[in-house]
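Single-structure report; data block below.
The values are calculated or read from the model by the stated rules, or taken from the named source; none is laboratory data. These numbers were taken from a predicted model, which means no experiment stands behind them. Glycine also receives a Cβ, built like all others from the backbone with ideal geometry; neighbour counts cover every protein chain displayed. SASA here: full protein model, heavy atoms, side chains in, ligands and nucleic acids out. Shrake-Rupley method; radii C 1.70, N 1.55, O 1.52, S 1.80 Å.
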Amino acid sequence: MAGSNPNAKPMDLTLKIWRQKDRNTAGQLVTYPLKNISPDMSFLEMLDVLNEELLVRGEEPVAFDHDCREGICGMCSLFINGRAHGPERGTTTCQLHMRHFNHGDTITIEPWRAAAFPVHKDLIVDRSAFDRIQQAGGYVSVNTGGVPDANEIPIPKTIADKAFDAATCIGCGACVAACKNASAMLFVSAKVSQLAMLPQGKVEAKTRAENMVAQMDVEGFGACSNTGACAAECPVGISLDNIAMLNREYLGAKASSENV
Amino acid sequence: MILDSKIPEGALAEKWDKHKFNVKLVNPANKRKYDIIVVGTGLAGASAAATLGELGYNVKAFCFQDSPRRAHSIAAQGGINAAKNYQNDGDSIFRLFYDTIKGGDYRAREANVYRLAQVSVNIIDQCVAQGVPFAREYGGLLANRSFGGAQVSRTFYARGQTGQQLLLGAYSALNRQIAYGKVKMYPRTEMLDLVMVDGKARGIVVRNLITGKIESHSAHAVVLATGGYGNVFFLSTNAMGSNATAAWRAHKKGALFANPCFTQIHPTCIPVSGEYQSKLTLMSESLRNDGRVWVPKTVEIAQRLRKGEITVNDIKEEDRDYYLERKYPAFGNLVPRDVASRNAKLMCDEGRGVGASGLAVYLDFADAIRREGQPAIAAKYGNLFDMYAKITDENPYEKPMRIYPAVHYTMGGLWVDYNLMTNIPGLYATGECNFSDHGANRLGASALMQGLADGYFVIPYTIGDYLAQTPYDKVSVDHPAFKEAEQNVKATTDRLLAIKGNRTVDDFHKALGLLMWDYCGMARNAEGLQFAKHEIRKLRDEFWQNVKVTGVNEELNQTLEKAHRVADFLELGELMVDDALNRNESCGGHFREEYQTPENEALRDDENYAYVAAWEFTGVGNEPVLHKEELKFENVKLTQRSYK
Ligand SMILES: Cc1cc2nc3c(=O)[nH]c(=O)nc-3n(C[C@H](O)[C@H](O)[C@H](O)COP(=O)(O)OP(=O)(O)OC[C@H]3O[C@@H](n4cnc5c(N)ncnc54)[C@H](O)[C@@H]3O)c2cc1C
Ligand code: SF4
Ligand code: FES
């Protein structure tokens, strides 16, 4: 086959993987030796290989979330050797390739750990809290139809670009997993500041900030203590500036609440 | 069965407005008496669910991912078309209509395509109002680019993440309705059957993917927005979970499946690198705006390259064959997808392919970098170049990319009329799940347009027309039709779990994919198709005797989920082959080797095949029945597509 690097040698690995039957059963790390892994494989393809081997042996395969395998849907997760999405910066687990590991490595694979993300099974967690935070205000209140022509709302390119940067959050939850307080501030701030920067979203900016932060608290995410661990592990580089902006919107909201 | 497309009377440009005026309306106060099920939360489903909720209907929405935001639409890269003519370069609704009909090689319905072009302009307005951050010019107005063979700049985009931004817009509208209580969302829930009462669609049976619980949901109408079936091929650019199950099970309940063999093979994907490959990654078509496609001029040079005796940068300019520019001087590297894909295959078949396997061609940016500088190219394509480097470990700024065609999109799907209703009353299909607008080949940036057109602007009108004629009475999920469907789902599940064979689900899926790719892929012929039909049947028989599914139903069981999907692919694959065998012509993405021009272009047979092939299910292993919807072209002249 057309390996991009025909000289790359296959590797043998030891995997320590979190296995947990369901939400109510305690889990544990289980060790699996795995041989002959091509460095050109993606991390999830490596797990596919393990799962095929487990199936053939009649054992339960390891459950993990994934879908696009292109770094955009936010479905994959995994805490790899203590790092959310593994060792490569700016990379989701599905885009991580085995060439970043070495022959003989032991790799520990765990689910996201956060009270607000309970484990469903093995490496799969429940991230529905993120949806509920978005439902609390992550939108502009417009119905379909009856909106102005798109070019009637000119937006300076610099602002549009910044809003875009915040809008690229994939909702994966790595920021929560990376944070010692399991805070969701980076995730929440990305949406709040995307919409607050744009004229369409400005109108509701304060209420939005208040409502989304309130929901975040209800869900049991921790407080933000500004360590920056979230942004360091965010696969799409959501900036800490968004948290500063959220704080401004939020404090402004508290001072002149529209939530009446 | 007579297929009635319900195309409204009148001039092409007036049909939709007239139809909107003629459809029956549901009084605002009565809308809350109707329940609508929307399966799928991609662009087509999320936009429909949100808009129907806004109108006042009670909506239940379903998706198999953990959140509606993760639908496969999220991965669309390049952009969305709209006939805004903001660039003043001669675009118009008629031109977008014309390009789409021609690009589809004259196998789509005029009236639907015209409506699509009409509402395209509203989509952009809607998305901007929601806060979708499209690319902008320095003056603050929206930017456009030309895309996928179009000669005007009508594509709106958000860097290489247009699908993500559009879907997050639709997701936000959906969230607003969820918060209002007008939409109830069921994530991690998979539809496994359609329920019909008195010949009408009245609900679905689903499996809760966390608990395994099999449950029924009842409604007055059901909308399937469950995406395409490209994963029949195992390897495709679709997300891993993309599947045909919802549409296929509706088909087995009587919904006709149209043009199943019309699949799109996208020319610019990262080539396969090994047996373990789980999916293929698209490199956006926008790259062809600046990249030049080439292979070595001779087989000898290609061979030396493959053996590693020389590297790509050793190949002199005069030894490179920029074959698209050579063969199609007018369109060059921007020929439509089917033409670009087929030519890549031709080059590799000749032995001039590159990469260790010889199944790749070059996409070269050296000239563009020389002309515009690396920063300018990085600004346009930076994220794509990074993605390529991450996957292949090669730097595309220094070496040309290696690309090869891959399965990308399925033009076929459930047959629908002008109202997007299938032949089952009350069952609708929208987005990639239906067959409606792209004929035999879809133009770039038109799927996003269609999904949102269907969901925001078409179905909200047309479903009202049906509901206005439907009594408010609800059907209880205790009705025997629901119980029977639940029983069937349980029986299929039990059967899959009981086989306890020796071969994994993925193994069967890969075997099917290879058959489909080799015999029903970029080029097909009668002999190969007949062989494939035979082999698929054998494989399907083996599947039901020898598949290995571990675990139980009452748990999160990803192997069982896959087994259901692959069981359906094994049936759908055969129908695709039947359809390809029936269509004795070449058109768009359907290339029958027996039917080509002397220059190897697709040779249509308008006399005998200007129809939609809509297939009726008659039982697994039985021959399906063909129903034809003749296509009438009153506003365009059928011509041989030429991109020379
Ligand atoms: C890599 C890539 C790039 C693309 N780029 C572009 C582009 O630039 N421009 C363009 O116009 N088009 C593009 N396309 C095509 C386009 O993205 C898709 O055709 C389109 O997004 C499909 O949208 P949809 O809403 O019909 O379905 P999808 O987005 O596929 O959504 C399907 C939904 O159905 C749900 N579902 C499926 N089955 C079931 C079931 N049984 N039970 C419950 N739920 C179910 C899923 O959970 C999901 O929510 C691209 C496609 C790919 C693969
Ligand atoms: S902010 Fe980054 S890490 Fe957090 S959910 Fe969004 S993309 Fe993931
Ligand atoms: S699987 Fe979609 S981001 Fe990783």
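What is the residue count in the stretch B:273-297 for residues that are within 16 Å of ligand 1 (Cβ to nearest atom) and of a type outside the set (Gly, Ala, Ser)?
Total satisfying the criteria: 10.
In the stretch A:23-63, what residues are closer than 20 Å to A:Phe101 by Cα and within 16 Å of ligand 3 (Cβ to nearest atom)?
Matches in the stretch A:23-63: A:Met41, A:Ser42, A:Phe43, A:Leu44, A:Glu45, A:Met46, A:Leu47, A:Asp48, A:Asn51.
Out of everything in the stretch B:101-156 that is within 14 Å of chain A (Cβ to nearest Cβ) and among the charged types (D, E, K, R), what residue ends up being nearest to the chain's Cα centre (by Cα)?
Going through the qualifying residues, I end up with B:Arg154.
B:Thr245 - would you say it is more than 29 Å from A:Ile124 (Cβ to Cβ) and surrounded by fewer than 24 Cβ atoms within 10 Å (Cβ to Cβ)?
On the way: more than 29 Å from A:Ile124 (Cβ to Cβ): no; surrounded by fewer than 24 Cβ atoms within 10 Å (Cβ to Cβ): yes.
No, not satisfied.
Pairs, please: C-beta under 6 Å, at least 6 apart or cross-chain, first residue more than 16 Å from ligand 2 (Cβ to nearest atom) and in the stretch B:57-68, second of a type in the set (Lys, Arg)?
B:Tyr57/B:Lys31; B:Lys60/B:Lys184
When you go through (1) at the interface with another protein chain (Cβ under 7 Å from one of its Cβ atoms); (2) open to solvent by less than 10 Å² (accessible area, probe 1.4 Å) one by one for A:Val142, which number turns out not to apply?
(2)
Based on this model, can you work out whether B:Ala83 counts as among the small types (Gly, Ala, Ser), part of a loop (DSSP other than H, G, I, E, B), in contact (Cβ under 8 Å) with a residue 24 or more places away in the chain and in contact with a His (Cβ under 9 Å, 6 or more places away or on another chain)?
no
Limited to the stretch B:452-471, what total is found for residues that are open to solvent by less than 20 Å² (accessible area, probe 1.4 Å), within 14 Å of another protein chain (Cβ to nearest Cβ) and not hydrophobic (A, V, I, L, M, F, W, C)? Steps first, answer last, please.
First pass over the stretch B:452-471, keeping only residues open to solvent by less than 20 Å² (accessible area, probe 1.4 Å): B:452-456, B:458-460, B:462-464, B:467, B:470.
From the residues that got through so far, the ones that are within 14 Å of another protein chain (Cβ to nearest Cβ) too are B:452-456, B:458-460, B:463-464.
Of the ones still in play, those that are also not hydrophobic (A, V, I, L, M, F, W, C) are B:454-456, B:460, B:464.
Here the count works out to 5.
Pairs needed: first member in the stretch A:34-45, at positive phi; second member anywhere, open to solvent by 20 Å² or more (accessible area, probe 1.4 Å) and in a strand (DSSP E or B); C-beta distance under 8 Å; at least 6 residues apart or different chains.
A:Asn36/A:Asp12
Which of the residues belonging to the stretch B:364-396 are surrounded by fewer than 21 Cβ atoms within 10 Å (Cβ to Cβ), of a type in the set (A, V, I, L, M, F, W, C) and within 12 Å of chain A (Cβ to nearest Cβ)?
B:Ala379, B:Ala389, B:Ile391
What's the number of the only condition in (1) modelled with pLDDT of 95 or more; (2) closer than 15 Å to B:Glu275 by Cα that A:Ala26 fails to meet?
Of (1) modelled with pLDDT of 95 or more; (2) closer than 15 Å to B:Glu275 by Cα, only one is false for A:Ala26: (2).
Yes/no matrix, rows are residues, columns are (1) more than 8 Å from chain B (Cβ to nearest Cβ); (2) modelled with pLDDT under 95; (3) more than 23 Å from A:Ala214 (Cβ to Cβ); (4) touching a helix residue (DSSP H, G or I) at 6+ places or on another chain (Cβ under 7 Å):
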residue	(1), (2), (3), (4)
A:Gly74	no, no, yes, yes
A:Thr108	yes, no, yes, no
A:Ile133	yes, no, no, yes
A:Ile155	no, no, yes, yes
A:Gly171	no, no, no, yes
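Yes or no, residue by residue, for (1) more than 18 Å from B:Ala491 (Cβ to Cβ); (2) part of a helix (DSSP H, G or I):
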{"residue": "B:Phe531", "(1), (2)": "yes, yes"}
{"residue": "B:Glu535", "(1), (2)": "yes, yes"}
{"residue": "B:Glu542", "(1), (2)": "yes, yes"}
{"residue": "B:Leu556", "(1), (2)": "yes, no"}
{"residue": "B:Val566", "(1), (2)": "no, yes"}
{"residue": "B:Glu571", "(1), (2)": "no, yes"}
{"residue": "B:Met576", "(1), (2)": "yes, yes"}
{"residue": "B:Leu581", "(1), (2)": "yes, yes"}
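Does the stretch B:229-267 hold any residues that are within 14 Å of chain A (Cβ to nearest Cβ), within 13 Å of the chain's Cα centre (by Cα) and either within 16 Å of ligand 2 (Cβ to nearest atom) or not β-branched (Val, Ile, Thr) (or both), and which are they?
Kept after step one, since they are within 14 Å of chain A (Cβ to nearest Cβ), are these residues of the stretch B:229-267: B:230-231, B:234-243, B:266.
Next, from what is left, pick out any that are within 13 Å of the chain's Cα centre (by Cα): B:230-231, B:236-239, B:242-243, B:266.
Matches in the stretch B:229-267: B:Gly230, B:Asn231, B:Ser236, B:Asn238, B:Ala239, B:Ser242, B:Asn243, B:His266.
So for the stretch A:228-239 (the condition being assigned to a loop (DSSP other than H, G, I, E, B), more than 10 Å from ligand 2 (Cβ to nearest atom) and open to solvent by less than 50 Å² (accessible area, probe 1.4 Å)), does at least one residue qualify?
yes
Output the residues belonging to the stretch A:168-227 that are surrounded by fewer than 24 Cβ atoms within 10 Å (Cβ to Cβ), within 13 Å of ligand 2 (Cβ to nearest atom) and hydroxyl-bearing (Ser, Thr, Tyr).
Answer for the stretch A:168-227, where residues must be surrounded by fewer than 24 Cβ atoms within 10 Å (Cβ to Cβ), within 13 Å of ligand 2 (Cβ to nearest atom) and hydroxyl-bearing (Ser, Thr, Tyr): just A:Thr168.
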